[in-house]
């Protein structure tokens, strides 16, 4: 059970710790990078290192690491594209803007598995996947994916350029890695990044012309998560709804959630693949909580039914949206942390039945992540 | 005293990486900045992207004039030129 999690926000990184006080047992115990845009954080369960991705805007994207649980930080090597070949031109299909060979944002960071002790993965805008074989001392662009002809068809969703927001390393078999792309579907490698296959069959994009609605390459999963205890099971919060797979992303089935199927974040129980949580918004067209009430939607039967959870969450005139990385579950499956665009932060210790407010004046929350152990 | 171009940086960058003013050799902006970054390699990625171009929201001035070649930094620098690396006003 974890009693500590990290919160990456628009203006800093915060550490939340469970305390002894009964009435207010969770509180912010540390902050770092105040004023800076922290786009992603990774507590590496293998050695306790914490990685923080910063987006300085003017000064570019940086990666910092702490080896002492966040007490001190040092800037490390950041993923960077190799030199762009002379004369190479490529445009993002939707906006026809030239694709820069420059890391614009670190959007996902994951540790390799126990059988890949020095490996790290990093997903970025404009769509480059990077790999470190030496715990972040150096990074290399995964050329097998970047040079894939279908990668060049990826397009931006909410952003100008496409991005890799989800990376799932299969427990026990780190050669199998699944990534989610906005927009470009779900991609799987079985050979540690040597080759890649798009695995978005069954996903549906209602916003596309009819003949392309089931085209796997244009799907817009907002977030893809894998059940660690049942690695063939995936859940995806998609622009068009909720999808799940029980065959290792080989096929996807659409699920109808309550009170809506539109949202960005999804979490799956670490052992029970049928149990998942969503944070629904009203719709693509109106990105606010349904009826101004913040709720979390939980299924325990694989999406056949949902329980709408609201105890402890604001139920009137609340306009919080939860970004795709701002919902996380701990390794027991009992604790979840939830952050919002309007700086609210909640935690539950009973799978969402009741929520406690940790903070309500934080900067917009980009990501929450439990620290194991 | 021998004249040489000087390179100064916006105070805002100093919070992240120390960039004291420097006198360097160089006939172009590229040569002058390369000389600075040779002794301060961490600063390079704060000013230039990985393709060597000026970052999108950064600007470089030579004697008060914004450089035109943001990609190759080929703008000439006089012997006593003053290069100033600044932030573009963006983001409010």
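So, in segment B:55-69, how many residues would count as being within 14 Å of chain A (Cβ to nearest Cβ) and either in contact with a helix residue (DSSP H, G or I) (Cβ under 9 Å, 6 or more places away or on another chain) or surrounded by fewer than 17 Cβ atoms within 10 Å (Cβ to Cβ) (or both)? So that I can check it myself, show each step before the final result.
Quick first cut of segment B:55-69, residues within 14 Å of chain A (Cβ to nearest Cβ) only: B:55-60.
Cutting the leftovers down to either in contact with a helix residue (DSSP H, G or I) (Cβ under 9 Å, 6 or more places away or on another chain) or surrounded by fewer than 17 Cβ atoms within 10 Å (Cβ to Cβ) (or both) gives us B:55-58, B:60.
The number of residues fulfilling the criteria is 5.
Do we find that residue A:74 is at pLDDT 95 or above, within 13 Å of another protein chain (Cβ to nearest Cβ) and over 26 Å from residue A:324 (Cα atoms) in this structure?
Values: at pLDDT 95 or above: yes; within 13 Å of another protein chain (Cβ to nearest Cβ): yes; over 26 Å from residue A:324 (Cα atoms): yes.
For residue A:74, the condition - at pLDDT 95 or above, within 13 Å of another protein chain (Cβ to nearest Cβ) and over 26 Å from residue A:324 (Cα atoms) - is met.
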Selection from segment A:31-49 of residues that are part of a strand (DSSP E or B) and in contact (Cβ under 8 Å) with a residue 60 or more places away in the chain
A:38, A:39, A:40, A:41, A:42, A:43
Looking at this structure, is residue A:81 in contact with a helix residue (DSSP H, G or I) (Cβ under 6 Å, 6 or more places away or on another chain), within 13 Å of chain B (Cβ to nearest Cβ) and farther than 30 Å from residue A:4 by Cα?
no
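Looking at A:158, A:127, can you tell me which residue is away from chain B (no Cβ under 14 Å), within 19 Å of the chain's Cα centre (by Cα) and modelled with pLDDT under 95? Walk me through how you get there before you give the answer.
Values: A:127 fails: modelled with pLDDT under 95.
Answer to the selection: A:158.
Any idea how many residues of segment A:127-154 are in a loop (DSSP other than H, G, I, E, B) and crowded, with 19+ Cβ neighbours inside 10 Å?
Keep residues of segment A:127-154 that are in a loop (DSSP other than H, G, I, E, B), which gives A:127-128, A:133-139, A:142, A:147-150, A:154.
If we keep only those that are crowded, with 19+ Cβ neighbours inside 10 Å too, we end up with A:127-128, A:135-136, A:139, A:142, A:154.
Total meeting the criteria: 7.
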Taking segment A:55-71 and the residues there that are over 18 Å from residue A:126 (Cβ atoms) and part of a strand (DSSP E or B), the one that is farthest from the other protein chains (Cβ to nearest Cβ) would be A:66
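Output the residues belonging to segment A:361-373 that are within 18 Å of residue A:32 (Cα to Cα) and not in a strand (DSSP E or B).
Filtering segment A:361-373 down to residues within 18 Å of residue A:32 (Cα to Cα) leaves A:361-371.
Listed by number, the residues that qualify are A:361, A:362, A:363, A:364, A:371.
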Scanning segment B:78-88 for residues that are more than 11 Å from the chain's Cα centre (by Cα) and either surrounded by 20 or more Cβ atoms within 10 Å (Cβ to Cβ) or more than 14 Å from chain A (Cβ to nearest Cβ) (or both) gives B:78, B:79, B:80, B:81
Suppose the filter is surrounded by 22 or more Cβ atoms within 10 Å (Cβ to Cβ) and part of a strand (DSSP E or B); does residue A:108 pass it?
yes
Quick one: residue A:28 ticks every box in (1) surrounded by fewer than 20 Cβ atoms within 10 Å (Cβ to Cβ); (2) more than 14 Å from chain B (Cβ to nearest Cβ); (3) assigned to a loop (DSSP other than H, G, I, E, B); (4) in contact with a strand residue (DSSP E or B) (Cβ under 7 Å, 6 or more places away or on another chain) bar one, so which box is it?
(3)
Filter segment B:36-54 for residues that are in contact with a strand residue (DSSP E or B) (Cβ under 8 Å, 6 or more places away or on another chain) and farther than 21 Å from residue A:76 by Cβ; the one that is nearest to the other protein chains (Cβ to nearest Cβ) is B:54
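The values are calculated or read from the model by the stated rules, or taken from the named source; none is laboratory data. Quick caveat, the model's predicted, so the values are computed rather than measured. Note that each Cβ is placed from the backbone with ideal geometry, even for glycine, and that neighbours are counted across all protein chains shown.
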